[in-house]
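Okay, so here's the structure we're looking at.
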Amino acid sequence: MNRLNRLIFDNPLVLKEFRTRMRGTRAYWILFSYLGVLTLGMMLTYYSFISLNHRYPTLMNSPTAPAGEAIFYFLTVAQAFLVIFITPAITSGAITLEKEQRTYEMMLLTRIPRFDIVFSKMSAAFAFVCLLIFSSLPLFSICFLFGGVSPGKLIHTYELLLTGSLFGSSLGLMWSSISKSTTISVMLSYATLFIPVILLFFALSYISFLENVSNSSSFMVSLLGFKLSLYGVLNIVLIFLSVILCSVSLTHIQAFPQRMGWLPRGLTLLFMYFVSAASCFLVLSSNSFSKSQGPVLLMTIPTQMCYLLPCIMIPALVIIFATGEFTAWELANIIKRMLWGFTPKGITKGVLASSIPFLLLISIVVVAGINTGFAMEIRHGIRNAGYPAMQPMHQPTSTSSGTTNMKSFPHEYLNTYKGSYATSLKQMELQTLNLLAFFCSYVFGFGMFCILISTLVQNRWVAMALSAVSLAIVVILPLNSQLNPDLRLFLTMFDPVNPLILLSRSFYMGLPVKIFYQDSTLSLLVAGALSFFLLFLYSIFERRNNGANSVSIRPYDEMVAEL
Amino acid sequence: MSIRQNGTERNHSMAMIEISNLSKEYRTSGQKLLAVNNISLALDKGDIFGFIGPNGAGKTTTIKMIATLLVPSSGSVFVDGLDVVKEPDKVRSILGYMPDSFGVYDDIKVWEYLDFFAAAYKISKDKRPAIIDDVLSLTDLSVKKNAYVESLSRGMKQRLCLAKTLVHDPKVMLLDEPASGLDPRARIEIRELLRELQRMGKTIMISSHILPEMEEFCNKIGIIEKGEMIVSGDVRTISRQVRGNQVIEITVLEELERAVSLLESMNEYVNDVKIMSRSHNENQNTHFSSSTGHSLQFGYIGEPNHEYVVLNSLVDSGLKIRAFHSPKADLEDVFMRVTKGLVN
Ligand SMILES: Nc1ncnc2c1ncn2[C@@H]1O[C@H](COP(=O)(O)OP(=O)(O)OP(=O)(O)O)[C@@H](O)[C@H]1O
Ligand SMILES: [Mg+2]
């Protein structure tokens, strides 16, 4: 209670925000134009519907319900777009404006906890977005006049709008805490918002597809033993991501960098566990679902799709975590420092030297997450996957009679698809170690490469871009079918270090993952070792170059340890 | 103002600010720049330290390291016995920092601005109004209490920033060029304010390139150039160090030559007798006509505090002495000599 009081009622930043935000006319103009755009669009939708109805009266059997639906979809989409583009605009200046106004350092030196800074900036933006979103509620009520929209749908929409705006604001805040100027921060916010928005769009179309197939608006999935709607999963993911982004801001809003580096790392670890388990559940439960629906949904998602998300996310995480800068001291003691990175203390510090061990930890967690997914699906598959009642043998009435079915059903079901390209869960479980070996060697190989690049270019952002480009050359370029044959031949050289190759081999050919499949693991290990050797050479070269006249910059934690 | 924060542990040393072998290297895209190079310094309670150096000498960098805004590359800084790297939060609560370029928030009133910082320094709600009134009157801004901050003039903003620095009654104040951009009147006012703060027992560190205003109230100075502290210590000691001895200036009504020869004969006390130019004389004492006195300068090399021996012998020989004094150490002079590499 005391803490809450400090956070909200006695928080100088919140107080200042409330004193100044609604001062002047700017906020009211934003509100006015927001509602204006929505109203105008809604009217247009309505009139186009009316004219359509006049021209083709036989097309509609219910006179108004489609109008309600059309208006609802327009409002949802328009509002989602507005919210997505307004939220980062509010927060991406939150910290950079302080930097530009030169009040940032003064604020850092006060005794406001950093957590309060993040909290108040987020809540100020979130409160304003809530004001916008809820002021449009009366417009939504018009949909109910026409009918065709259920209140549950409205609630889902609002939930998603809120979590989406939370994500947008935390993204803006993160860039704001990292960059030096508002212009850069705004640009980066919108550039990075682009990808999540597309992913969100796909997720939503997938959900509505499932909804259409199942004829129910609340398609439930089981997640680590909890029953959730797909919207719920999406909301959890968005909130989780927002928390991670906020924790990144938290580590940047401070005079001394690298303190509390454990927070984003720990959260990322948890998130990766959640995501890999969840993706597994989604894949497996939609399989069970399609089986239950029989001919309605012919496509089954192969079990190997569970590897898709990790195969995409681990390279991205390598690029994010294994780039940065070594201090001169670290570079001079590179071997000692890299070894220190493997100590528990090293991993919790958010420094470049401990990025490899941290990423290895992530690989372990991801594989564990996938395995949890398999194991839980084997155990709880029937009970929670939401099978319809027409298959009474799969509907456990009591736990004692249901247990046998519960265990056998997924295997039995998956075995029927074995002929195509789905592998049985048990078989997948047996591959855990191989998968782990692949991910670990991948992290080592590509991670070392990224570290080498960032040491050479000495700029984190350039290093990130270069690593991403090299990843794209290895992964995305071979996917292009209209490629020059010579180039294609050249690109096959990179196959052993392509993370997607694992997926495609087991995906299309039904081949099990092998530790030394096509020497992939070995090539990755060699690439990593080579990168490390080059890094070592560079550090020797650098030490020779500097001589004794340079001050060795010791890392922060080293200084504290010595004191 | 409330006196808070007394539970801080004290180290073996009693110095308020203790800097030893402090260095800072900036690395920007491969280039290295040693902005501060091996500086050591100790300031006691109540000291006012003038930190002087040309542009880019590393003053701001040093002050930021003391203010817990930059991590030193090597060396250590203790403020009131607290390590700035190890316990930045404790240091921040006893420290007032006024940056060289600072800003103010938009759409906010003067008292709200101060209230914001008071709240940010965890001063309880009921104590804030009194403190705000206090610091406003101390900085002569009481009339502007309800004005919007962006409507203040530059000098007023500067004073507001100083007021903000005082809100939590810090023991140590770091003022980075507090007087730049101020008119002479405001400058004098700031000087008065600093004297007042010194009386309150605060330790103050001021950086500036405007030298004459520093010697008025600093008891210690340090001169920094290219990241290296060339000289530091007591103002008078430094000027003696620079000139080799203490300088005494006398004004005689007539018989200049006899005075010079007399002084030159006392070679165990006096060296380097110089006749000051008449124009200098005029400037210094404008209410005298140009013929009413010649001034000359000599270096005193005798025992400290025995300058009266010279005066006595001059008076005994019948010379008409109008003035006998030791001019204040001229910082401009010190600065120019030192930064030209005359003294190492
Ligand atoms: N953030 C930074 N990155 C790189 N170099 C910097 C940075 N800040 C300062 N420098 C360099 O460090 C040196 C010292 O700068 P500093 O600001 O400490 O000087 P100063 O004595 O305060 O100068 P001034 O009198 O102009 O305020 C300068 O050469 C400057 O270019
Ligand atoms: Mg400066």
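Residue count for the stretch B:25-65, restricted to those that are among the charged types (D, E, K, R), in contact (Cβ under 8 Å) with a residue 24 or more places away in the chain and more than 8 Å from ligand 1 (Cβ to nearest atom): 4. In the stretch B:185-192, the count of residues that are away from chain A (no Cβ under 13 Å) and of a type in the set (Val, Ile, Thr) is one or more. Among the residues of the stretch A:92-129, those identified as closer than 20 Å to A:Gly164 by Cβ and assigned to a loop (DSSP other than H, G, I, E, B) are A:Ser92, A:Gly93, A:Ala94. Considering only residues in the stretch B:64-75 that are part of a helix (DSSP H, G or I) and within 11 Å of chain A (Cβ to nearest Cβ), the one that is nearest to ligand 2 (Cβ to nearest atom) turns out to be B:Lys64. Being facing chain A (nearest Cβ under 8 Å), closer than 21 Å to A:Leu13 by Cβ and part of a strand (DSSP E or B) holds for only one residue in B:Tyr105, B:Tyr97, and it is B:Tyr97.
Scanning the stretch A:334-369 for residues that are in contact with a helix residue (DSSP H, G or I) (Cβ under 7 Å, 6 or more places away or on another chain), surrounded by 20 or more Cβ atoms within 10 Å (Cβ to Cβ) and modelled with pLDDT under 85 turns up A:Lys349, A:Gly350.
Considering the stretch B:76-94, and only residues there that are away from ligand 1 (no atom under 16 Å from the Cβ), in a strand (DSSP E or B) and more than 8 Å from chain A (Cβ to nearest Cβ), the residue that is farthest from B:Pro178 (Cα to Cα) turns out to be B:Leu82. Taking A:Ser33 as the residue in question, decide whether it is farther than 30 Å from B:Tyr113 by Cβ and at pLDDT 85 or above. Spelling it out, A:Ser33 is indeed farther than 30 Å from B:Tyr113 by Cβ and at pLDDT 85 or above.
Using the structure shown, decide if B:Lys45 is among the basic types (Lys, Arg), more than 16 Å from ligand 2 (Cβ to nearest atom) and part of a strand (DSSP E or B).
When the stated conditions are applied, B:Lys45 does not pass them.
Inspection of the stretch B:130-141 identifies no residue that is more than 26 Å from the chain's Cα centre (by Cα), under 29 Å from A:Phe18 (Cα atoms) and at the interface with chain A (Cβ under 9 Å from one of its Cβ atoms). Quick check: anything in the stretch B:99-107 among the charged types (D, E, K, R), under 26 Å from the mean Cα position of the chain (by Cα) and more than 16 Å from ligand 1 (Cβ to nearest atom)? No; the residues of the stretch B:99-107 include none that is among the charged types (D, E, K, R), under 26 Å from the mean Cα position of the chain (by Cα) and more than 16 Å from ligand 1 (Cβ to nearest atom). Out of A:Ile117, A:Ile155, one residue alone is under 22 Å from A:Ile239 (Cβ atoms) and within 14 Å of chain B (Cβ to nearest Cβ). It is A:Ile117.
Looking across the stretch B:258-278 at every residue that is charged (D, E, K, R) and over 31 Å from the mean Cα position of the chain (by Cα), the one that is farthest from B:Ser295 (Cα to Cα) is identified as B:Glu268. Counting the residues of the stretch B:52-63 that are more than 10 Å from ligand 2 (Cβ to nearest atom) and either among the hydrophobic types (A, V, I, L, M, F, W, C) or not assigned by TED's automatic domain parsing to the domain that holds B:Ser23 (or both) gives 1. Just one of the numbered conditions (1) within 29 Å of the chain's Cα centre (by Cα); (2) outside any helix (DSSP H, G or I); (3) without any contact (Cβ under 8 Å) to a residue 40 or more places away in the chain is not true of B:Asp126: (1). Summed over the stretch A:239-254, residues that are part of a helix (DSSP H, G or I) and under 17 Å from B:Thr68 (Cα atoms) total 2.
Given the options A:Leu38, A:Leu7, A:Leu52, name the one that is assigned to a helix (DSSP H, G or I) and modelled with pLDDT of 80 or more.
The conditions single out A:Leu38.
Between B:Asn281, B:Asn271, the distinction of being modelled with pLDDT under 75 and in contact with a strand residue (DSSP E or B) (Cβ under 7 Å, 6 or more places away or on another chain) belongs to B:Asn281 only.
Out of curiosity, is B:Ala120 of a type in the set (Gly, Ala, Ser), under 17 Å from A:Thr103 (Cα atoms) and within 16 Å of ligand 1 (Cβ to nearest atom)? No, not satisfied.
Taking residues in the stretch B:90-108 that are in contact (Cβ under 8 Å) with a residue 60 or more places away in the chain, and partners anywhere that are within 16 Å of ligand 1 (Cβ to nearest atom) and acidic (Asp, Glu), the pairs with Cβ atoms closer than 6 Å and at least 6 places apart or on different chains are B:Pro99/A:Glu105; B:Pro99/B:Asp176; B:Asp100/B:Asp176; B:Asp100/B:Glu177.
Residue-level check: of (1) in contact with a strand residue (DSSP E or B) (Cβ under 7 Å, 6 or more places away or on another chain); (2) more than 24 Å from A:Arg460 (Cβ to Cβ); (3) within 10 Å of chain A (Cβ to nearest Cβ), B:Glu25 misses just (2).
Among the residues making up the stretch B:178-214, those that are away from ligand 2 (no atom under 16 Å from the Cβ) and of a type in the set (Val, Ile, Thr) are B:Ile188, B:Ile190, B:Thr203, B:Ile204. How many residues are within 16 Å of ligand 2 (Cβ to nearest atom) and farther than 11 Å from B:Gly96 by Cβ if we restrict to the stretch B:146-177? Here the count works out to 3. Scoring B:Met173 on the criteria (1) outside any strand (DSSP E or B); (2) in contact (Cβ under 8 Å) with a residue 12 or more places away in the chain leaves a single failure, condition (1).
A single entry from B:Leu162, B:Leu114 fulfils the requirement of being modelled with pLDDT of 90 or more, buried (at least 18 other Cβ atoms within 10 Å of the Cβ) and within 13 Å of chain A (Cβ to nearest Cβ): B:Leu114. A single member of B:Gly81, B:Gly75, B:Gly56 is on the phi > 0 side of the Ramachandran plot and touching a helix residue (DSSP H, G or I) at 6+ places or on another chain (Cβ under 9 Å), and it is B:Gly75.
The values are calculated or read from the model by the stated rules, or taken from the named source; none is laboratory data. Note that the coordinates shown come from a computational prediction; the quantities given were computed from them, not determined experimentally. So basically every Cβ, Gly included, is an ideal-geometry build from the backbone, and we count neighbours across all protein chains shown.
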